[in-house]
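Student: Here it is, the structure in full.
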Amino acid sequence: RTSDRQRGEANDGDPSQHRSVTQHVHHTHSVGQEGVPQIVLQAKCFGSLTAHVAAFASIHCWSDIQRYITENTEVHWFLIVIPAELLWFCGMLSFFQEVRKDFIMADGACSHIEEVWAQVALECENE
């Protein structure tokens, strides 16, 4: 396999054969389905997996709380779990959205990786 340097030296007379650094970097990074960069696919894969694991853990936690209240009280206090859960999730989503904004804008600019992170996090939260 010939290196880029050897190809460049062999094609010195034809400038159309030279690739810019950005073209070379884009070409060497893995590209997945339909031209989507590998970093986006990995972020969506692991973000979605983490979101689902967290959602199932949350469902289990809140059902345990509801079961505990049902077994240990005589009144129908278990119904309070539903609005408590709703308030908890709204608060968590708002809190982590602000944390993400602060983290992304800490350096004053939003890089491509941070933009992918924000988009994947939003998609996962909406599921």
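Student: Could you tell me whether W62 is part of a helix (DSSP H, G or I), among the aromatic types (F, W, Y) and open to solvent by 90 Å² or more (accessible area, probe 1.4 Å)?
Tutor: Here the answer is no, as W62 does not meet what is asked.
Student: Something else: If E85 passes every condition in (1) under 24 Å from Q42 (Cβ atoms); (2) charged (D, E, K, R); (3) open to solvent by less than 70 Å² (accessible area, probe 1.4 Å) but one, which one does it miss?
Tutor: Result: E85 passes all but (1).
Student: Among the numbered criteria (1) at pLDDT below 85; (2) surrounded by 12 or more Cβ atoms within 10 Å (Cβ to Cβ), which one does S30 miss?
Tutor: Here S30 clears every test but (2).
So that you can scan it fast, the table gives a plain yes or no per residue for (1) under 14 Å from A121 (Cβ atoms); (2) modelled with pLDDT of 90 or more:
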residue	(1), (2)
G47	yes, no
T50	yes, yes
R67	no, yes
W77	no, no
L87	no, yes
G108	no, no
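The values are calculated or read from the model by the stated rules, or taken from the named source; none is laboratory data. What you see is a predicted model; the values in this text were computed from it and never measured. All Cβ positions, even for glycine, are placed from backbone atoms using ideal geometry, and neighbour counts span all protein chains on display. Heads up: the accessible areas ignore ligands, DNA and RNA and are worked out on the full protein's heavy atoms, side chains in. Shrake-Rupley method; radii C 1.70, N 1.55, O 1.52, S 1.80 Å.
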